[in-house]
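Dropping a structure here in structure tokens format, bear with me for questions.
The values are calculated or read from the model by the stated rules, or taken from the named source; none is laboratory data. Just so we're clear, the structure is a prediction, and the values are computed from it rather than from any experiment. Here the Cβ positions follow ideal geometry from the backbone for every residue, glycine too, while neighbour counts run over all protein chains shown. We work out accessible area using only protein heavy atoms, side chains counted, and drop any ligands, DNA or RNA first. Shrake-Rupley method; radii C 1.70, N 1.55, O 1.52, S 1.80 Å.
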Amino acid sequence: MIDPREIRKDFPILEQQVNGRPLVYLDNAATTQKPRQVIEALVRYYETSNANIHRGIHTLAVRATEQYEAVRGKTAAFLSASHPEDIVFTRNTTEALNLVARAWGDANVHEGDEIVLTLMEHHSNIVPWQQLAQRTGALLRYAGITPEGKLDLDEVRGLIGPRTKVVSVTHMSNVLGTINAVAEIGEMARQAGALMVVDGAQSAPHLPVDVEALGCDFFAFSAHKMLGPTGVGVLWARRGLFETMEPFLGGGDMIALVRQDESTWADVPHKFEAGTPNIADVVAFGAALDYLQDLGMGAVRAHEMALTAYAMEQLSSIEGLTMHGPERADERGGVVSFAMNPAHPHDIATIADGHGVAIRAGHHCAQLLMRHLGVAATSRASFSIYNDKDDIEALAEALEHVNRVFG
Ligand code: PMP
């Protein structure tokens, strides 16, 4: 069982007041706060172990390499993946998805081939595929959303066919909170001979994830949304897939042999980690993974689901407020997007900030979804392990204030 009061003691940033009120941080889908353990791991690395990795012989270089590579192992374990070599560190989810679209897409997607996406994707799971389509002449196909805010699986099934080369879907919507049936969609993709890419930016931080059970080919996510530092992303690939791919970026650390006109590549995963990686932040990400593993992702999910149910109950009693996304908390992650017309989401977020409550307002990098919902923007509250019912009540109080201002 998660005790947010105990957990909060590990998060120094949450001790502050904002606008004269205790900070209530409900913008976790954008990025989470970092526990002391992660901050200390970062400082400790620089104070005791800093060196460049892989090529060094000296003690610090070996130590830094061991610490960096140990996190690859922890990341694999976190995803229930059997092989640490199937983990490539990137800058973020965005770079991981670009890596797939470039390094796999350029070699395997051709004119007339089809790429299946959904209308609830984040821009980082749209734009790299648009760029691939523009380079190759492939076509983009978008599956729609049901009135309840769920992915229309019949439409997904109808779109996947003999021309489909890749299906790329978010595991959990950053706006609607919808958890998608990615294993089922992956099976549809496999039967069509297509690859399944999962954008796990919102799921890895909040749900137990077993990439092998999901049956996907690629799984991408970001450390900063799961208590880790910014500047670290992860791309997992199904066994053997990275070996078939050409490198995304060229340079130091990713080569075996360099000649004047051509080079050969280092083994996977190093082939995809050109240049000096973000060593210190990867090491600190290891502390974030330990923190989540100690709590247990099942417990994280249970806590956030209960909080989401409570938030939906509280918000439903606020006059004029409408929520987007599935009605049941067990069908969604800890994200609640809503509207309070005629108040603009920016006004709502500004009033909430006056109460010390941090929520996000805008298109959430999901303009296709905004268009589908018929809105320019939404207000969004999103939860993490350190949030509790008091935080939801502070949000509800701020939203009552919005109603007083806007009548
Ligand atoms: N996909 C989803 C579903 C997201 O929520 C986000 C972050 N908002 C991203 C991708 C992109 O993550 P990053 O900015 O860390 O690359």
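Can you run phi through the Karplus equation (6.51, -1.76, 1.60; θ = phi - 60°) for the stretch 379-389 and list ³J(HN,Hα) in whole Hz, with x for Gly and Pro?
So the J values, rounded to whole Hz, are 9, 9, 10, 9, 10, 9, 5, 8, 8, 9, 4.
For residue 62 and residue 255, what does the FRET efficiency come to when R0 = 22 Å and r is the distance between their Cβ atoms, rounded to the nearest 0.05?
Using R0 = 22 Å, I get an efficiency of 0.55.
Could you run the Karplus curve 6.51 cos²θ - 1.76 cosθ + 1.60 with θ = phi - 60° over the stretch 314-326 and give me ³J(HN,Hα) per residue in whole Hz, x for Gly and Pro?
4, 5, 5, 8, 8, 4, x, 8, 10, 9, 9, x, x
Amide H neighbours of residue 138 under 5 Å, counting only residues 5+ apart in sequence or on other chains, H built in-plane at 1.01 Å?
Close amide H contacts, sequence-distant or interchain: 112.
Starting from 0.36 nm per residue, how many nanometres of slack lie between residue 111 and residue 17 once their C-alpha separation is accounted for?
Taking 0.36 nm per residue and subtracting the Cα distance, the gain is 28.3 nm.
Ordered by residue, what ³J(HN,Hα) values in Hz, to whole numbers, does the stretch 346-353 give under the Karplus form 6.51 cos²θ - 1.76 cosθ + 1.60, where θ = phi - 60° and Gly and Pro are x?
5, 5, 4, 5, 5, 5, 4, 4
Right, another one. With a ≥ b ≥ c taken as the square roots of the eigenvalues of the C-alpha gyration tensor of the chain, please select rounded if a/c is under 1.5 and otherwise prolate if a/b is larger than b/c or oblate if it is not?
Numbers: a/c = 2.12, a/b = 1.26, b/c = 1.68.
Here the chain falls in the oblate category.
Ok, one more. Round to the nearest 10 and give me the degree value, 0 to 90, for the angle of helix 127-136's Cα axis relative to the longest principal axis of the chain.
Here the helix axis deviates by roughly 40 degrees.
Let's test the formula: R0 of 30 Å, r as the Cβ-Cβ distance of residue 276 and residue 43. What FRET efficiency results, to the nearest 0.05?
Step by step, r from the Cβ atoms, then E = 0.95.
With a cut-off of at most 10 other beta carbons within 10 Å, and DSSP calling the residue loop, which GluC sites (Glu not before Pro) in the stretch 301-376 qualify? Please list them.
319
Enumerate the lysines that residue 150 could reach by cross-link, defined here as Cα to Cα under 25 Å, with residues fewer than 8 away along the same chain left out.
Hits, sequence-local ones excluded: 165, 225.
Tally up the carbon and sulfur contribution to the accessible surface of the stretch 331-383 as a whole percent, 1.4 Å probe, everything protein left in place.
Numbers: 940 of 1810 Å².
Here carbon and sulfur together make up 52 percent of the probe-accessible area.
Still on this model: Find the accessible area per residue for the stretch 1-151; the probe is 1.4 Å, ligands and nucleic acids are left out, and the unit is Å².
On a per-residue basis, 46 Å².
Moving on. Check which residues have an amide H placed less than 5 Å from residue 24's amide H, if you skip close sequence neighbours.
Amide H neighbours of residue 24, under 5 Å, 5+ apart: 357, 358.
In deg cm²/dmol, rounded to 500, what helix-only [θ] at 222 nm does the chain give when every DSSP H run of at least 4 residues adds -39500 (n - 2.57) and the total is split over its residues? Walk me through the numbers before you get to the answer.
Working: 13 runs with 148 residues, N = 407.
Dividing the helical sum by the residues of the chain leaves -11000 deg cm²/dmol.
Now for a separate question. Please tell me the relative contact order of the chain in percent, rounded to the nearest whole number, where contacts are Cα pairs under 8 Å and at least six residues apart.
Contact order relative to length: 23 percent.
What size of dipole, in debye to the nearest 20, comes out for the chain about its Cα centre when the only charges are +1 on Lys and Arg C-beta atoms and -1 on Asp and Glu C-beta atoms? Please list the in-between numbers first.
On the way: 33 positive and 51 negative charges, 96 e Å.
Once rounded to the nearest 20, the dipole reads 460 debye.
When the chain is fully extended, how far beyond the present Cα-Cα distance does residue 51 get from residue 295, taking 0.36 nm per residue of separation?
In short, 84.7 nm is gained.
Once you have a ≥ b ≥ c as the square roots of the Cα gyration tensor eigenvalues for the stretch 206-283, tell me rounded if a/c is under 1.5, and otherwise prolate or oblate according to whether a/b is larger than b/c. If you can, show how the numbers build up before the last one.
On the way: a/c = 3.63, a/b = 1.50, b/c = 2.43.
Oblate is the answer for the stretch 206-283, as a/c is 1.5 or above yet b/c matches or exceeds a/b.
For the stretch 103-208, what % of the accessible area comes from carbon and sulfur atoms, probe 1.4 Å?
Working: 1860 of 3640 Å².
On the stretch 103-208, the fraction of accessible area on carbon and sulfur atoms equals 51 percent.
What residue among 171, 130, 12 has its Cα farthest toward the positive end of the dipole of the chain, where the charges are +1 on Lys, Arg and -1 on Asp, Glu, each on the Cβ?
130
Note down the magnitude of the dipole of the stretch 1-83 about its Cα centre, charges +1 on Lys and Arg C-beta and -1 on Asp and Glu C-beta and zero elsewhere, to the nearest 20 debye.
Roughly 60 debye for the stretch 1-83.
Let me ask something else about it. For the stretch 228-341, just say rounded, prolate or oblate: build the C-alpha gyration tensor, square-root its eigenvalues into a ≥ b ≥ c, call rounded for a/c under 1.5, and beyond that prolate if a/b exceeds b/c, oblate if not.
Here the stretch 228-341 falls in the prolate category.
I'd like to know which of 143, 46, 77 lies farthest towards the positive end of the charge dipole of the stretch 8-151, counting +1 on Cβ of Lys and Arg and -1 on Cβ of Asp and Glu.
Final value for the positive-end residue is 46.
With unit charges on the beta carbons (Lys and Arg positive, Asp and Glu negative) and the dipole taken about the Cα centre of the chain, which residue among 200, 223, 22 sits farthest to the positive side?
223
Is any residue of the stretch 62-95 close enough, with backbone N under 17 Å, to a label point placed 7 angstrom from the Cα of residue 127 along the Cα-Cβ axis, and if so, which?
Output list for this probe position: 91-95.
Any chance you could give the angle, 0 to 90 degrees and rounded to 10, that helix 36-48 forms with the longest Cα principal axis of the chain?
Tilt of helix 36-48: around 30 degrees.
So between residue 154 and residue 210, what do we pick up on full extension, going 0.36 nm a residue minus the alpha carbon distance?
17.7 nm
Based on Cβ point charges of +1 for Lys and Arg and -1 for Asp and Glu, what charge dipole magnitude is obtained for the stretch 238-279 about its Cα centre, in debye rounded to the nearest 20?
Roughly 160 debye for the stretch 238-279.
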